[in-house]
Amino acid sequence: MKSTTKTILIVTIAVLALGACSSRKFVRGYMADEAVISSIRAQVDTRDSVKEMLGSPSSVATFDNDNWYYYSKKSESLAFFKEDITELNIIAVRFDSDGYVTAVDRYTLDDRKNIDPVGETTPTHGRELSFIQELFGNIGRFGAGGPSNVQPGN
């Protein structure tokens, strides 16, 4: 090939490759209407009325049914890179033991906290086995075959 043709081919491939790397935008979760959220009143609305206004919660507290959470998230990613969160909204509706709303809290991306795990591995106690010990360790420990009273066809 001529050098001009090669150059055009390389430039074309580079332009197509870079064009394929456009960012993708994602919208996930429940995008609540602000007017509906502000209409929720403490000690007036119940679980049923909140469910009627906002629908089923995205998540419920682990150990009780007194905290409902509605999540929404906007994010984008470029090609195969990690997704970046651009907007995060969490609406927490709290109920008392009688099922009436006590508070409606809002959390955004600014309220999140990053945590660092303490260690990379979980310590276990017991014997340390080599690869060969693990590979051949169970030879002779178990009897051959399964139950002897099973008949073919049963």
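Towards the positive end of the charge dipole of the stretch 1-59, with charges on Cβ (+1 Lys, Arg; -1 Asp, Glu), say which of L16, S39, F26 has the farthest Cα.
L16
With each run of n ≥ 4 DSSP H residues scored as -39500 (n - 2.57), what mean residue ellipticity at 222 nm is computed for the chain after dividing by its residue count and rounding to the nearest 500 deg cm²/dmol?
Estimated from H runs of four or more residues: -6500 deg cm²/dmol.
Quick one: give the max-minus-min coordinate of the C-alpha atoms of the stretch 22-113 along each principal axis, largest first, in Å.
Taking max minus min along each principal axis of the Cα atoms, the stretch 22-113 gives 50, 29, 21 Å.
Eight or more residues apart or on different chains, and alpha-carbon atoms under 22 Å: count the Lys pairs in the chain matching that.
So the count works out to 9.
Using unit Cβ charges (K, R positive; D, E negative) and no other charged atoms, how large, in debye to the nearest 20, is the dipole of the chain about its Cα centre? Working shown, then result.
Details: 17 positive and 20 negative charges, 208 e Å.
Charge dipole, the chain, about its Cα centre: 1000 debye, nearest 20.
Can you give the Rg/Rh ratio of the chain, where Rg is from the C-alpha atoms and Rh is the Kirkwood radius?
So for the chain, dividing Rg by the Kirkwood Rh gives 1.28.
For an R0 of 41 angstrom, estimate the FRET efficiency from the Cβ-Cβ distance between L9 and D116 and round to the nearest 0.05.
The computed FRET efficiency comes out at 0.30.
How high is the relative contact order of the chain, in percent, with contacts defined as C-alpha pairs under 8 Å that are six or more residues apart?
Numbers: 163 pairs, mean separation 28.2, N = 154.
Once divided by the residue count of the chain, the mean separation gives 18 percent.
I'd like the Karplus ³J(HN,Hα) series for the stretch 125-131: coefficients 6.51, -1.76, 1.60, θ = phi - 60°, whole numbers in Hz, and an x wherever there's a Gly or Pro.
Here the 3J(HN,Hα) series is 10, x, 7, 8, 9, 7, 4 Hz.
Students often check this: by mean Cβ neighbours within 10 Å, which of 121-131, 81-91 ranks highest, and how do the rest follow?
81-91, 121-131
Throughout, read-outs are computed from the coordinates displayed, never taken from laboratory work. This one's a predicted model, so the numbers in the text were calculated from it and none came from an experiment. All Cβ positions, even for glycine, are placed from backbone atoms using ideal geometry, and neighbour counts span all protein chains on display.
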